[in-house]
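To keep things clear, I will list the structure first and then write my remarks on it.
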Amino acid sequence: MAKLKSEPGWKDLDAGFVMREPGTSREYKTGDWRSERPVVDQSQCIKCGICYIFCPDMAIAKTEEGFFQADLYYCKGCGICSAECFTGCITMVAEEE
Ligand code: SF4
Ligand code: SF4
């Protein structure tokens, strides 16, 4: 189950559980049950951004150098970026226990 960075207690919630702020999914750590992580060989990356486009979790962001890197806080390890990468420079690596 996803974990909140800082989980509120029941006393912190408004009566009726009124949601006052939209977009709270950013607060949920969804990558902590991943079994594999994507590792990019930057020497083979052509900076095309296909991995960014295909990631179903919007977990990939562009770095200052123009490469694309997965935010492991959100990456679920599905491997789609690796399957779609033109140059095959993304390898899925097993997470350590
Ligand atoms: S493994 Fe899946 S969730 Fe993680 S960055 Fe690649 S496409 Fe996105
Ligand atoms: S799809 Fe592959 S080559 Fe293209 S930006 Fe992503 S890692 Fe680089």
(message) What is the sum of charges, Lys and Arg at +1 and Asp and Glu at -1, for the other residues whose Cβ falls under 11 Å from the Cβ of Arg34?
(response) -1
(message) Over the chain, with the other protein chains present, what is the accessible area per residue in square angstrom, probe 1.4 angstrom?
(response) 76 Å²
(request) Please sort 71-84, 40-53, 6-19 by packing, taking for each peptide the average over its residues of neighbouring beta carbons within 10 angstrom, highest first. (result) 71-84, 40-53, 6-19
(message) Once you keep just the Cα pairs under 8 angstrom separated by 6 or more residues, what percentage relative contact order results for the chain?
(response) 33 percent
(request) Determine which residues of the range 17-51 fall in the zone a paramagnetic label at Ala83 would reach in this model, i.e. backbone nitrogen under 19 Å from the point 7 Å along Cα→Cβ. (result) 34-40, 49-51
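The values are calculated or read from the model by the stated rules, or taken from the named source; none is laboratory data. Fair warning: this is a prediction, and the values are worked out from it, not measured in the lab. Don't worry about glycine lacking a Cβ; one is built from the backbone with ideal geometry, like all the others, and counts go over all protein chains shown. Keep in mind that these areas ignore ligands, DNA and RNA; they rest on the heavy atoms of the full protein, side chains included. Shrake-Rupley method; radii C 1.70, N 1.55, O 1.52, S 1.80 Å.
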